[in-house]
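See below for the structure under consideration.
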Amino acid sequence: MAGNTSPLFNASSLDDAELLARARASSFIDESMAGDESSREESGLWNVLRCVPAPNDAPTPQHIADATAKLDAQEWTTNVAVLADERTAKDDSVLVVALKDGKVHKTMRTALASVIEVVCNVQLANMPLEEYIEWKGDAEVFDSRA
Amino acid sequence: MLSLRTLLFAALAAVTAASAATVTFDCSRVPNICSNDCYAIRCLGKPTTLTRNSPQAEDNRDANACRSPNRCSGNPSDSNSCDEYPFASTSQGGAGASTRCVPSQENSRQGGTLSSFYTRNSVANGDSYSVAFSNASGLQYCSGSCTNSGNQLVRRLPAFAARQETSIVQTRKLLLASGEEALMFEPVSARGSLNRMVNQTVDLREEAVRVVAVL
């Protein structure tokens, strides 16, 4: 798992297990495993995100950047992080924060069910957050199912 | 005298080196991605064995036509995302990569396949792996002409300016235990090198599938 997991800072009213369960309910995992009879937990996408405590009750994107910079780079992928905040429990969205040189590069509000898809692509620079922002268009929240 | 542990370790290392993991892209889900990859491999001679180098990924993407804002930005939805081969997350990526404007959904799927493959097969930075394709029949660049239909773009560095008129790789067909087939490409200069794939596995749709025969 080393190096393939990004931090999900949880400052929401949801507990970590509930938060991850909603993210992992993504149909993206099912599509990736199409035809595979093994359990979803065995998907290589299952641990793209792991919860860590938020640096404070209402972190800004820069707080997230600073907290991410303190993580062990051998264990974590640190070019992208996610913030679950007070809005998350209300509309199932989180804030994806793309980072560059320890600073906030881009942010995008993303549906929990699409966050694994976005993060795994940004991790590998297969698709930068800019392309998802363009894909989102005028929508306030990116949702690949829309 | 070498200890038994040393000998066992050496034997394991030799086996591992001979059987690099193989990611298989299902071209029925990502046809435009497969077209770009096949073009790069068959028509430009790009390698099918890649070395993961994720720390280099963003710099690699910035070194070719996929840099942001990329040439696909603003295109219709069937071609608004920039795909590159060799992948940005490999040592072979970057300048000279073959790029193609593809649907965002396809590019996003490809990233999921690659990410999952890296994790499931413990492909760490510095590790090599191979690339294969399933359901590629009918895709021009995976078996047919290398004539550029206009969708491919390669940065015009001298080393890459000369597009190959004839392929320098040959197509090999892997028969899988699942009953499916996968394509791999073998350098003409190393005929038979893919015969080693028999009884090895390829990663297809997050499943390790055994190779029954190589044709």
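The values are calculated or read from the model by the stated rules, or taken from the named source; none is laboratory data. These numbers were taken from a predicted model, which means no experiment stands behind them. Glycine also receives a Cβ, built like all others from the backbone with ideal geometry; neighbour counts cover every protein chain displayed. Surface areas here come from the heavy atoms of the whole protein model, side chains and all, with no ligands, DNA or RNA. Shrake-Rupley method; radii C 1.70, N 1.55, O 1.52, S 1.80 Å.
Send over a whole-number figure in Å² for the accessible area per residue of the protein assembly as shown, probe 1.4 Å.
Numbers: 15620 Å² over 361 residues.
With the other protein chains kept in place, the protein assembly as shown gives 43 Å² per residue.
If you count, for each residue, the other Cβ atoms within 10 Å and average over each peptide, how do A:112-120, A:79-87 line up from highest to lowest? List each step's numbers first, then the result.
Values: A:112-120: 27.2, A:79-87: 22.4.
The most tightly packed comes first, giving A:112-120, A:79-87.
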Q | Estimated vicinal HN-Hα couplings, Hz - region B:199-215 in sequence order (Karplus 6.51, -1.76, 1.60; Gly, Pro = x) | A | 6, 8, 10, 10, 8, 10, 6, 6, 9, 7, 10, 6, 8, 8, 7, 10, 9
Q: Return the loop-located trypsin sites (Lys or Arg not before Pro) in region A:1-74 (DSSP other than H, G, I, E, B) with at most 14 other Cβ atoms within 10 Å of their own Cβ; answer none if there are none.
A: A:Lys70
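Can you give the net charge of the other residues whose Cβ lies under 10 Å from the Cβ of B:Val30, counting K and R as +1 and D and E as -1?
The answer is -2.
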Q: Enumerate the amide H contacts of B:Val169 below 5 Å, restricted to partners 5 or more residues apart or on another chain; note that Pro and chain-start residues carry no placed amide H.
A: B:Val188
Q | Efficiency of FRET between A:Asp30 and B:Asp127 - r from beta-carbon atoms, R0 30 angstrom, step 0.05 | A | 0.65
Q.
Please compute, for peptide A:39-46, the average count of beta-carbon atoms on other protein chains lying within 10 Å of each residue's beta-carbon.
A. 4
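Summed for both chains, how many Å² of accessible area, to the nearest 100, are buried between A and B with a 1.4 Å probe? Each step should come with its number before you reach the end.
Numbers: alone 7570 and 10590 Å², together 15620 Å².
By this definition, chains A and B bury close to 2500 Å².
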(Q) Using 5 Å bins from zero, what percent of all Cα-Cα pairs in chain A falls into each bin? (A) 2, 10, 21, 24, 22, 13, 5, 1, 0
Q: Would you mind giving the mean number of other chain beta-carbons within 10 Å of the Cβ of each residue in B:45-58, as a whole number?
A: 2
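With r as the distance between the Cβ atoms of B:Thr49 and B:Asn195 and R0 = 22 Å, compute the FRET efficiency 1/(1 + (r/R0)^6) and round to 0.05. Working shown, then result.
Numbers: r = 15 Å, r/R0 = 0.70.
Computed FRET efficiency for B:Asn195 and B:Thr49 comes out at 0.90.
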Q) Considering only DSSP states other than H, G, I, E and B, which GluC sites (Glu not before Pro) in region A:1-83 qualify as loop sites with at most 16 other Cβ atoms within 10 Å? A) A:Glu37, A:Glu75
Q. Between A:Ile133 and B:Asn148, what FRET efficiency comes out of the Förster formula 1/(1 + (r/R0)^6) with R0 = 45 Å and r the beta carbon distance, rounded to 0.05?
A. 0.90
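Please report the carbon-and-sulfur percent of the accessible area for region B:22-165; probe 1.4 Å, protein heavy atoms only, DNA, RNA and ligands left out.
44 percent
Taking the Cα centre of the protein assembly as shown as origin and charging only Cβ (+1 Lys, Arg; -1 Asp, Glu), how large is the dipole, in debye to the nearest 20? Numbers along the way, then the final one.
Values: 33 positive and 42 negative charges, 284 e Å.
Here the protein assembly as shown has a charge dipole of around 1360 debye.
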Q: Run the accessible area of chain A with a 1.4 Å probe and give the carbon-and-sulfur part as a rounded percent.
A: 48 percent
